[in-house]
Structures are given as structure tokens and as C-alpha cells.
Amino acid sequence: MIETIELTKAYGKVRAVDELSFTALPGRVTGFLGLNGSGKTTTLRMLLGLTRPTGGAALIDGRPFTGLKRPLRAVGAVLEQGISHPGQSGRAHLVTQAMSAGASRARVDLLLDQVGLTDAADQRTGDYSLGMRQRLAVATALLGEPPVLILDEPANGLDPSGVAWLRELLRSYAHAGGTVLISSHLLAELAQLIDDVVIIANGRLRHEGPLAGLYGMTTGRVLMRGRDPGRLRDALRRAGAEVAGDETLEIDGLSAAEAGEVAFAAGVPVHELLTDTPNLEQIFLELAGT
Ligand SMILES: Nc1ncnc2c1ncn2[C@@H]1O[C@H](COP(=O)(O)OP(=O)(O)OP(=O)(O)O)[C@@H](O)[C@H]1O
């Protein structure tokens, strides 16, 4: 489990992270979302003991990173690319890292297979694509079989097949009881990967809960086209709706069913009636906007 309690980091007068409290649960993939500069990387660095908090706590399984007995076995992290020496092969990089994580050669081979790098294992990492470097970074994070995984913008650089691969990997990792915290500044990029969301803005918590719950947070606008827009508009306004638009009427304050009933009562044939549900990215921008 990952937990922050009133976590704060101030740089002079700037509060990069401001009394931030949230939880990422075992068995779930949690998306950590915010616009650029909202404090995501600073939070992840505090969880990983790389930045010291000004106040509050950043806990991995109940302890600050610095209090973990075997940190590489407690948490795996993908923070930035370029972790490997460009002249080293992917396999050599993993073998070197396996020593500090206490992992075996067999685990290196297993992970190369799991991240789809077996065929490229003996190529120089300097020749790897961005997506291949991301795969190698994920394999490195998993070496010590940690129960907690922290990934900073890992979908960045992955093509659709890479995203599908990451989804499967994170699903089975969480299914086996792992805790995953994965950051991005785009909800759409993570929507296929995550169960829960934590949304921050200006270092503060804006929203925390299941991804599915986001859809219920905004009501869709009703759109209607009919034979006589002028009469329709008047009837809808009399029924208490706010109405904009000329041919296609944009209706706030009534459901599609209610608007349809109003049109029927007014005797105006309806040609088209639908609820325009905001997409995930619009919902995210509404929540994460400053
Ligand atoms: N070492 C530092 N010194 C001063 N200010 C910093 C430092 N690190 C981060 N900040 C500031 O803290 C705020 C949050 O930055 P942070 O990198 O955590 O955001 P982010 O959400 O990860 O952004 P991005 O999506 O662009 O990576 C920004 O205003 C940034 O300028």
C-alpha cells in the first residue's frame, strides 16, 4: 500500500506539494494525475526517498522509504529514462542491477521475456527505441519482486501495442496483490490501464476514487433537433430549461426523456435527441484545472 498523509514540499514560497493525503491500495492500479507542474514528480520522489518532505509523511507499506529494511525488495520504480549505460546490452544492464536487488540470472531471463525484450536482449541499449527503454526500465523495477510499483509517465513513448503490453503486465501484477501508482498528465493515456484515480492541482488533492466514478461527476448536456426549433425552444424554456443553439438546441436543466416529453406535449416532431456525455479528458480538465 502507498499512503501520503498531509504531505508537503515547499521550495521557498512555492508549495510544490501541499498537504496532500491519498492512498493507493493493493490489488489496484491507481492513476496519479495532474497537469504539468502540479507536483506529481515531487510526490513520487518523496515516496522514493529522493526528496525530503517539508511536512507530513510519504509511506510505503506503512513506512517512509528511508525506514524500509530492503528498499529494492519493497518498491520498484520507473522514474526517468536513461538509467542504463548506452554501451551496455539490455541483458547486461539487468544482470548488473539484479545483484543489488538480490535477483537471480533466471529472473533476468524471465523478465526479459515478460517485457518482450528477449530478442533485443543483447543489443546496446543506446540503440533501443524509447518504447524499448521503457520496457527495460519496467523490467529493472520488477527485479526485486517488489509488492509496490511506482511509475512516472511510463506510457510516454509507448505505441498502442506497448500500451496493451503494459496494461496486461500491470493487470496481472495487481491481480497478484501488487500496488501500482502510475502518473500521467493525460487521463486518456491511462484510462485503459487504471482502476482508481488520484487527481491533483497545485500540489493539492482534487479528487480520489474509482475511475468509473468520474463519469457520474458531470451531467451530460441534451441535444435536440426538431421540425420547428423556435417553438421547441419556447416550450423547453417554459419547462424550466436553459436553451442555446439555433437548429440543434443545447439544453441544460432537463433530461433527454423530459425534453422529449416537452416536445411531444408541444406537438413538435423531434428528429434527433441525444445526451452529449463529456469525454474523460474533459472531465479530467475540469477537475485538474487551476
Ligand atoms: N528542485 C526544485 N526547486 C524549485 N522548484 C521546484 C523543484 N522541483 C519542482 N519544483 C516546482 O514544483 C512544482 C511541481 O513540480 P513537479 O515536477 O513535481 O510537477 P509535475 O506534476 O511532475 O510536472 P510534469 O508533469 O511537468 O513533470 C513546479 O512549480 C516546479 O517548478
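The values are calculated or read from the model by the stated rules, or taken from the named source; none is laboratory data. Note that the structure is a prediction, hence the values are computed from the model and not measured. Please note: Cβ atoms are built from the backbone with ideal geometry, for glycine as well, and neighbour counts cover all protein chains shown.
Here are some residues: LEU44, LEU72, LEU50. Which one is of a type in the set (A, V, I, L, M), at pLDDT 95 or above and assigned by TED's automatic domain parsing to the domain that holds PRO147? Selected residue: LEU44, the only one of LEU44, LEU72, LEU50 that is of a type in the set (A, V, I, L, M), at pLDDT 95 or above and assigned by TED's automatic domain parsing to the domain that holds PRO147.
Among the numbered conditions (1) closer than 28 Å to ILE2 by Cα; (2) among the hydroxyl-bearing types (Ser, Thr, Tyr); (3) surrounded by fewer than 20 Cβ atoms within 10 Å (Cβ to Cβ), the only one that THR118 does not meet is (1). Any residue that is surrounded by fewer than 19 Cβ atoms within 10 Å (Cβ to Cβ), in contact with a Lys or Arg (Cβ under 8 Å, 6 or more places away or on another chain) and on the phi > 0 side of the Ramachandran plot - is there at least one of those in segment 209-231? So far as segment 209-231 goes, no, none of its residues is surrounded by fewer than 19 Cβ atoms within 10 Å (Cβ to Cβ), in contact with a Lys or Arg (Cβ under 8 Å, 6 or more places away or on another chain) and on the phi > 0 side of the Ramachandran plot.
Among residues of segment 41-60 that are over 11 Å from GLU3 (Cα atoms), those with a Cβ under 9 angstrom from a residue that is more than 11 Å from the ligand (Cβ to nearest atom) and among the basic types (Lys, Arg), sequence gap 6+ or separate chain, pair up as MET46/ARG52. Report whether or not HIS85 is in contact with a His (Cβ under 8 Å, 6 or more places away or on another chain), surrounded by fewer than 18 Cβ atoms within 10 Å (Cβ to Cβ) and touching a residue at least 40 places away in the same chain (Cβ under 8 Å). The answer is yes for HIS85. The single condition among (1) loosely packed, with under 15 Cβ neighbours inside 10 Å; (2) within 16 Å of the ligand (Cβ to nearest atom) that LEU7 does not meet is (1). VAL14 meets each of the listed conditions (1) in contact with a Leu (Cβ under 6 Å, 6 or more places away or on another chain); (2) within 10 Å of the ligand (Cβ to nearest atom); (3) among the β-branched types (Val, Ile, Thr) apart from (1).
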